[in-house]
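S.K.: Quick one: structure below, then a few questions.
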Amino acid sequence: MIKKRERSLELDQLQALYRRMHKDNTKRENVYSDLIRKKTEIKGLNAIDFPLQFIKNEAIILHDIRLQDKFGHFQMDFILLNQKCIVILEVKNWYGTILFKEIDQVIRINDNGEQEGFPNPITQAKLQQYRLRKWLHKHGYTNILVQYLVVISFPHTIVQVDPNFKGSMEKVIHSNQLVFKWNNRMNTLPPNGCSQNVKDLTQLLIHSHTPPDNNMMEKYHVHNGELVKGMFCFKCELPTMVKKYNKWVCQKCKDESFSAHLENINDYKLLLGHIASNKQLRNFLAVDCIHVMKRMIKNAGFEPIGTGRMRKYLL
């Protein structure tokens, strides 16, 4: 795997925002729902790692590639490429029962019998295939086969098909079928379906990847004044850490830490940006003394930007 799955910035941001919102804030429920969704998504992607181990010697594996075309950006969960073809994997982290309907929609039925509608992933994957083909052609890769698979990450998910559904289900598989589907597909393709340099294409894809710029405060319409300030204990998720000698101690659970201030400063970075002044950090961490904050900044090795009252630090 050339481009491995990186730690999810979105998950870290959601956790920081949820942690620092007052419990009576009505926006907190939306943040929590998206936090659970993101955790399920990551769990589903982790489930794909095992079958991909059996493919990694036969293909270059790129995770989470986001490219730009004239319509904006499009993101693919996985791209598998070798000298024969490119295969896009559209991973769906659904559980319960999935019903493919005739109106190009998927209905998910959970354990409580509740139904939720989603766009058809086959149509989504086809669109990714179309956009990637156009993108490749624009960059001079005109002779490479692009295919796709929709992968249901959890093997216990039940997939049902409405009798009136006109689409093809042959490209919808569970994760435990991935290796066999890949082998069958490779056996039907000529050995050199792509006459162009795959390694050069791999570097182009990685270089062209553009991570999304997620501003969580803006997305959920939360302003700085709504955030809970203070030094949080990351064990009990409360701003109950106090300094005792050379370490931080939680007044509630008695957990001890030498790096709690760095973890809390990271909350600032995740939510408010990677540049901050001494005063901004003191306000966020509820630290009264300017000199205490100055020592924290110095010991952390944050690079100063500017001088005097205008000085800020690169976190």
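S.K.: Anything over 31 Å Cα to Cα? Flag those among K70/K279; K70/K219; K56/K138; K247/K312; K56/K235; K38/K101, in the order listed.
M.R.: K70/K279; K56/K235
S.K.: To continue, here is another question. Pairing the Cα long axis of helix 290-300 with the longest principal axis of the chain, what angle in degrees results, from 0 to 90 and rounded to the nearest 10?
M.R.: 40
S.K.: To continue, here is another question. For q values of 0.13, 0.18, 0.23 Å⁻¹, compute log₁₀ I(q)/I(0) with the Debye formula on a Cα-only model of the range 210-315, without solvent.
M.R.: Log10 I(q)/I(0), no solvent term: -0.51, -0.93, -1.32.
S.K.: Sticking with this structure for a sec: What trypsin sites (Lys or Arg not before Pro) does the range 264-311 have in DSSP loop regions with at most 12 other beta carbons within 10 Å?
M.R.: Qualifying residues, ordered by number: R311.
S.K.: So how strong a dipole does the range 61-168 carry about its Cα centre when Lys and Arg Cβ are +1 and Asp and Glu Cβ are -1, to the nearest 20 debye?
M.R.: Using Cβ point charges on Lys, Arg, Asp and Glu, the range 61-168 gives about 660 debye.
S.K.: Quick one: which residues, 5+ away or cross-chain, put their amide H under 5 Å from the amide H of V159? H built at 1.01 Å from N.
M.R.: So V159 has HN proximity to I98.
S.K.: Show me the ranking of peptides 226-232, 140-146, 301-307 by mean Cβ neighbours inside 10 Å, starting with the highest.
M.R.: In descending order of packing, they fall as 226-232, 140-146, 301-307.
S.K.: For the chain, what is the charge dipole size about the Cα centre, in debye to the nearest 20, if Lys and Arg each add +1 at the Cβ and Asp and Glu each add -1 at the Cβ?
M.R.: 1200
S.K.: Are there any chymotrypsin sites (Phe, Trp or Tyr not before Pro) in the range 27-136 that are in a DSSP loop and have at most 11 other Cβ atoms within 10 Å? List them by number.
M.R.: Answer by residue number: F71.
S.K.: Mind pulling the angle between the C-alpha long axis of helix 178-187 and the longest principal axis of the chain? Nearest 10 degrees, somewhere in 0 to 90.
M.R.: Once rounded, the angle reads 40 degrees.
S.K.: Between the range 222-286 and the range 25-65, what is the separation of their alpha carbon centroids in Å?
M.R.: Here the two parts' Cα centres lie 28 Å apart.
S.K.: If you don't mind, another one. Roughly how large, in nm² to one decimal, is the mean projection of the convex hull of the alpha-carbon atoms in the chain?
M.R.: For the chain, averaging the hull's shadow over all directions gives 21.1 nm².
S.K.: Find how much the distance from R185 to V161 grows on full extension, using 0.36 nm per residue of separation minus their present alpha carbon separation; answer in nm with one decimal.
M.R.: Going from the current span to full extension adds 6.3 nm.
S.K.: Within the range 23-63, what residues put their amide N at less than 17 Å from the label point 7 Å along the Cα-to-Cβ vector of R7?
M.R.: 39, 42-43
We did not get these values from a lab; they are worked out from the coordinates using the rules stated. Treat the numbers as computed from the prediction; the structure is a model and nothing was measured. Heads up, the Cβs are rebuilt from the backbone with ideal geometry, glycines too, and the neighbour counts pull from every protein chain shown.
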